[in-house]
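To start, the structure itself, in structure tokens.
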Amino acid sequence: MYHGTHMQNAHIIITNGFQRSKDGLLGEGVYISRNIEKAKCYPLSVDKKDRVIFKLRVQVGKVKKIDSDNHPLQKSWHQNGYDCAWVPPNSNITTIKSGREEDCVWDPSRIKIVDVACCMDGAKRKDLRKLIKSQGMSEGVCTLCHKDMGTGPHPIQNCWQCNKSICPFQWKHFCDQN
């Protein structure tokens with residue numbers, strides 16, 4: 001899943017963890033999305049260059065689907081034994097005009113940051129990835145391509161030209177020019 005935040009908050013979230021927002025469409029909790037395009041819209045009214053999108057691994061637990069306005073558990077799902085509330089895509093909730101789904105997780109410890117999915121500033125992205133790694137948060141993520149390794153390690157190879165270790169899932173690899 002994904003979470004969009006302001007660049008100013010990125011270091012704090014990585015080092016201290018997520019904090020529940022006090023209210024929102026689904027009440028108190030940490031708002032995340034399975035849709036990266038939705039996460040890229042947050043925070044609202046902030047320039048794209050000041051946004052960071054985290055890639056997350058989430059243990060959703062018991063999920064309550066909220067698919068209509070004024071759902072009886074819209075803001076009380078946690079008090080009724082659910083760990084997460086989920087608004088499916090194209091639901092009948094009028095405030096979600098994009099048609100994109102949304103999730104709200106009660107317990108921030110169920111959320112683990114595994115990578116920076118989006119950050120327009122390459123240097124800041126690199127620094128944030130280094131911080132994620134130093135916090136021990138990136139286990140299960142390839143150190144070269146920064147993608148989730150799923151069922152096992154990626155087949156690391158040496159570049160035929162520069163002999164540097166590369167992952168076949170890397171977006172790009174440029175050989176060092178001497």
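The dipole here belongs to the chain: it is taken about the Cα centre, uses +1 on the Cβ of Lys and Arg and -1 on the Cβ of Asp and Glu, and is about 320 debye.
Straight-line reach from residue 49: which aspartates and glutamates have Cα under 20 Å away, leaving out those fewer than 8 places along the same chain? The qualifying aspartates and glutamates are 37, 115, 121, 127. Stretching the chain fully between residue 174 and residue 159 yields a gain of 4.4 nm (0.36 nm per residue, less the alpha carbon separation).
Each peptide in 154-160, 127-133 gets a packing score, the mean of other Cβ atoms within 10 Å over its residues, and the list from highest to lowest is 127-133, 154-160.
Between helix 122-134 and the chain there is an angle of about 80 degrees, using the helix long axis and the longest principal axis of the Cα atoms. Compared with the dominant principal axis of the Cα atoms in the chain, helix 7-16 is inclined by about 90°.
Straight-distance candidates among the lysines for linking to residue 75, with alpha-carbon spacing under 28 Å and chain neighbours fewer than 8 residues away dropped: 22, 38, 40, 55, 62, 64, 65, 97, 112. When only Cα pairs below 8 angstrom with a gap of at least 6 residues are kept, segment 1-125 shows a relative contact order of 33 percent. Working from label points 7 Å from Cα in the Cα-to-Cβ sense, the residue 70 to residue 25 distance is 1.9 nm.
Laboratory data are not the source of any read-out in this text; all were calculated from the coordinates shown. What you see is a predicted model; the values in this text were computed from it and never measured. Cβ coordinates were reconstructed from backbone atoms using ideal geometry, including for glycine residues, and neighbour counts include every protein chain displayed.
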